[in-house]
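Participant: The following block contains the structure, expressed as structure tokens.
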Amino acid sequence: MELDDRKLKILQAIIRNYLETGEPVGSRTISKYTDLNLSSATIRNEMADLEELGYIIQPHTSAGRIPSDKGYRLYVDTMLEDKVHEVENMKELLIEKADKIDLLLKQVAKLLAVNTNYATLVTKPQYRSKKVKFIQLTEVDAAQLLAIIVLEGNVVKNKMIAIDELVDKDILLKLNIVFNTFLQGLDLTEINMPIIQKIKEQAGNYSNLVSDILDTIAQAISEEEEVEVYTSGATNILKYPELNDTDKIAELMGTFEEQKQLTELINKSENADNGIQVYIGSETPVEAMKDCSVVTATYEIEEGVYGKIGIIGPKRMDYEKVVGTLHTLMVQLDDIFKKKT
């Protein structure tokens with residue numbers, strides 16, 4: 001028998017409440033816990049049906065109910081199905097949005113190079129705060145678990161976790177529920193000791209495995225994403241005699257082709273309060289640009305989603321024009337992203 005929406009919501013409320021407290025759940029608790037606006041008597045009748053169907057059980061007389069394995073299974077399957085639908089529904093929109101942003105940022109790099117007569121770079125957006133959207137633990141063999149960790153922005157991390165012995169399927173099911181219940185929507189700074197303690201309490205004898213899984217999740221969140229950088233106008237550098245030395249120009253041009261060095265430049269730049277940072281000569285983070293000046297700015301397409309823009313030229317660059325251009329660009333990008341993304 002397929003559960004109707006009311007029974008499913010009550011079952012989900014029972015499971016979430018039981019995961020938080022570890023105590024059997026009564027009808028009065030559920031009446032406060034859901035947005036169904038049902039009386040305790042109606043909820044008792046629904047809980048009786050759920051018990052008859054095998055989704056919840058009563059551990060002892062006069063106690064509330066706790067989820068059965070069948071109830072846990074439905075909870076996880078429903079949660080997984082919801083996530084699949086969510087990803088499918090957003091997939092085309094995300095691809096369309098990403099394509100528009102890529103095209104826009106490439107145009108920004110080109111227009112900046114033309115407007116300033118210097119070399120320019122623009123990075124694709126990154127997430128300042130990486131929050132957990134979903135976690136799936138899957139058995140690979142007796143020695144390994146696969147942890148699939150989906151972060152904000154649909155960034156997927158696959159991590160292998162070594163285990164000493166085969167983990168029972170029911171335990172793995174419960175761990176999936178517990179980790180998603182307590183960690184969904186949190187970033188690394190929000191996963192504190194009280195939350196970790198609650199997870200370990202729910203895991204019982206598997207607290208060591210929980211520690212390994214938490215370490216893996218923390219590693220996935222803290223890993224630096226590869227930054228994609230768009231460049232334009234590198235040959236503009238040739239227009240300035242002080243930079244047109246054969247050795248210098250070869251090294252400088254090589255830097256523009258090497259994403260790693262450009263990423264280093266971007267990662268080390270910390271924008272000042274006004275959003276603009278100016279590096280002059282030896283202040284520049286990249287060795288090949290020590291005879292140049294670099295001006296960087298941060299753009300933000302929505303809260304927590306940002307990228308960097310950089311302009312590279314000689315130390316005698318027109319700082320007033322460059323800074324003014326970047327300030328204007330920040331305002332324009334802010335307006336464009338609010339309308340189009």
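Since every read-out is calculated from the coordinates, none of them should be taken as a lab result. Being a predicted model, the structure only gives us computed values, none of them experimental.
Participant: With 23 Å as the limit, write out which pairs from 110/130; 9/174; 110/131; 100/124 have Cα-Cα distances beyond it, or answer none.
Facilitator: Correct reply: 110/130; 110/131.
Participant: Under the Karplus relation 6.51 cos²θ - 1.76 cosθ + 1.60, θ = phi - 60°, what is the ordered set of whole-Hz ³J(HN,Hα) values for region 4-14, x standing for Gly and Pro?
Facilitator: Values per residue, Gly and Pro as x: 7, 4, 5, 5, 5, 5, 5, 4, 4, 5, 4 Hz.
Participant: Under the Kirkwood approximation for Rh and a Cα-based Rg, what ratio Rg/Rh is obtained for region 24-68?
Facilitator: Rg divided by Rh gives 0.95.
Participant: Report, as a whole number in µm² per second, the diffusion coefficient that Stokes-Einstein gives for region 136-250 at 10 °C and 1.306 mPa s using the Kirkwood radius over alpha carbon pairs.
Facilitator: It diffuses with D of about 93 µm²/s by this estimate.
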